[in-house]
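Below is one structure; the comments refer to it alone.
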């Protein structure tokens with residue numbers, strides 16, 4: 001009881017609905033990637049002229065080779081499940097201010113033709129039904145609803161033969 | 001100016017708890033600094049420079065170096081802020097080390113602190129990541145680590161119970177540490193019965209959110225023996241920050257036999273070469289490792305070379321890493337018992353120093369002479385330091 005009384009004597013202030021909006025530039029390659037998923041539901045990666053690795057997320061420098069990349073490579077909308085989780089704890093998404101709906105499947109995905117990986121949602125919430133190596137396909141947001149963000153991909157779906 | 005060997009001569013830490021509402025951030029910092037200065041029998045005037053760090057978006061105060069000068073004692077002195085995410089605490093230790101090793105400063109104070117209670121930890125961690133490629137779907141540390149845990153189990157056959165053993169060990173060790181946040185004796189069944197946060201990671205597998213601070217005094221070899229306690233020498237250090245985006249660490253999958261943690265493998269290779277470590281389990285007397293969740297206590301042991309790939313479950317279950325074992329891991333209770341993020345890495349260094357100085361109280365590993373301390377963060381970053389009782393023969397980066 002004494003502790004509770006003591007706790008109450010310490011004041012705190014809250015930031016409340018404070019908002020500090022940012023406006024980030026995607027750059028030319030990021031813009032190309034996001035515009036293509038928005039307008040054409042197509043994925044593009046970028047290829048290192050030295051090691052030949054194809055990167056998604058798209059970027060202009062291959063870190064290990066430290067070379068500038070300019071060659072865009074079109075990728076499929078299917079890929080492979082690398083690893084996954086099912087998120088069940090609730091938290092507020094700081095990008096939207098809204099509770100992220102749980103549970104949701106969360107996965108590392110390798111798009112066909114890419115050497116690096118993406119993280120995204122997967123439409124399965126039973127971990128027993130997922131296994132590394134399974135095939136997945138991107139499910140895009142409906143026409144007219146895509147805005148040029150990674151959320152233009154609704155989620156990836158397990159391809160169930 | 002010749003390079004100098006560097007010893008740790010003073011350590012201060014605050015009580016760690018879920019919410020230190022009794023102190024403002026500056027006061028929390030001051031509590032740790034006063035304890036470190038008292039420990040070294042120094043005053044603020046004796047300090048030549050200060051390195052401070054935290055994750056500033058956790059408190060929303062972005063000029064911590066300036067804001068904290070009254071509490072840190074940096075008023076009118078050179079100060080640098082270093083912030084590298086989870087590794088912040090080990091990075092401030094390295095920064096203080098570099099200051100002294102350069103020969104430009106003799107007495108440098110490293111400070112790491114956090115008040116995790118002041119914001120939502122998952123939200124704050126998400127905003128540390130890329131706004132285009134990571135944030136829209138990222139679920140913070142818990143979800144990110146769960147991806148690694150799933151992969152580790154699939155590739156090695158390790159089980160959730162194997163991971164729970166690590167949580168049981170570290171939390172039990174915390175019973176010996178009066179500064180620790182969670183101090184509880186749990187068994188594997190108790191850990192296994194906690195709810196999933198992000199499969200396969202359960203509440204009992206995760207570190208807590210903690211308020212706390214730590215301060216450590218680094219001194220050059222010219223004066224390191226002029227303090228009440230014998231110096232704990234920094235025998236070597238190494239760090240690697242490899243990846244940009246949260247999915248990048250998984251690119252390493254094709255490295256044959258690799259642990260998927262190349263940053264830790266590469267830092268370890270450099271460090272062990274510098275310090276002359278060929279068999280860490282035999283050579284280290286104690287390790288204070290940044291294990292933010294239980295599965296890390298398996299996979300990171302492999303990346304640190306304590307056992308072969310997939311050998312960690314058998315290693316930890318053998319008792320070799322328990323108190324009384326060949327190389328006790330986290331006598332302090334580790335990160336699974338206290339995680340005031342900016343302080344966490346520095347606490348590993350501080351605990352390693354106390355061990356080799358023989359000043360670790362109830363958590364002392366008898367006769368400890370060589371200790372490993374690590375920091376972990378973000379996209380699988382890795383900081384590592386070796387702290388020893390013996391002075392190194394020369395300065396080794």
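Here are some notes:
- Within this structure, residue B:218 fails the test of being touching a strand residue (DSSP E or B) at 6+ places or on another chain (Cβ under 7 Å), more than 29 Å from residue B:123 (Cβ to Cβ) and surrounded by fewer than 20 Cβ atoms within 10 Å (Cβ to Cβ).
- Counted residues, region B:198-234 - those being in a strand (DSSP E or B) and more than 23 Å from the chain's Cα centre (by Cα): 2
- Residue pairs whose Cβ atoms lie under 6 Å apart, separated by 6 or more positions or on different chains, with the first residue in region B:199-227 and closer than 30 Å to residue B:102 by Cβ and the second at pLDDT below 95 and assigned to a loop (DSSP other than H, G, I, E, B), do not occur.
- Restricting A:109, A:82, A:119 to those that are touching a helix residue (DSSP H, G or I) at 6+ places or on another chain (Cβ under 7 Å) and at the interface with chain B (Cβ under 9 Å from one of its Cβ atoms) reduces the list to A:82.
- Residue check, residue A:82 assigned to a loop (DSSP other than H, G, I, E, B), closer than 24 Å to residue B:139 by Cα and touching a residue at least 24 places away in the same chain (Cβ under 8 Å): no
- Qualifying residues in region A:61-75 (those that are at pLDDT 95 or above and in a loop (DSSP other than H, G, I, E, B)) - the one surrounded by the most Cβ atoms within 10 Å (Cβ to Cβ): A:69
- Test: residue in region A:125-135 that is assigned to a strand (DSSP E or B) and either in contact (Cβ under 8 Å) with a residue 24 or more places away in the chain or touching a strand residue (DSSP E or B) at 6+ places or on another chain (Cβ under 7 Å) (or both): yes
- Unmet requirement for residue B:67, which otherwise passes all of (1) within 14 Å of chain A (Cβ to nearest Cβ); (2) at pLDDT 95 or above; (3) within 30 Å of residue A:17 (Cα to Cα): (1)
- Condition check for residue B:149: crowded, with 24+ Cβ neighbours inside 10 Å, within 9 Å of chain A (Cβ to nearest Cβ), modelled with pLDDT of 95 or more and assigned to a helix (DSSP H, G or I): yes
- From the options B:22, B:56, B:38, B:70, residue that is free of Cβ contacts under 8 Å to residues at least 60 places away in the same chain and under 14 Å from residue B:340 (Cα atoms): B:56
- Residue B:291 satisfies every condition listed in (1) more than 21 Å from residue B:150 (Cβ to Cβ); (2) buried (at least 24 other Cβ atoms within 10 Å of the Cβ) except (1).
- Qualifying positions in region A:142-161 - within 12 Å of chain B (Cβ to nearest Cβ) and either in a loop (DSSP other than H, G, I, E, B) or over 29 Å from residue A:64 (Cβ atoms) (or both): A:147, A:148, A:149, A:151, A:152, A:154, A:155
- Filter result (assigned to a loop (DSSP other than H, G, I, E, B) and in contact with a strand residue (DSSP E or B) (Cβ under 9 Å, 6 or more places away or on another chain)) within region A:85-101: A:88, A:89, A:90, A:91, A:100
- Residue match in region B:298-312 (condition: assigned to a loop (DSSP other than H, G, I, E, B) and farther than 21 Å from residue B:265 by Cα): no
- Residue in region B:157-166 that is within 13 Å of chain A (Cβ to nearest Cβ) and at negative phi present: yes
The values are calculated or read from the model by the stated rules, or taken from the named source; none is laboratory data. Worth saying up front: this structure is predicted, and the values here are computed from it rather than measured. A quick note on method: Cβ atoms are made from the backbone with ideal geometry, for glycine too, and the neighbour counts reach across all protein chains shown.
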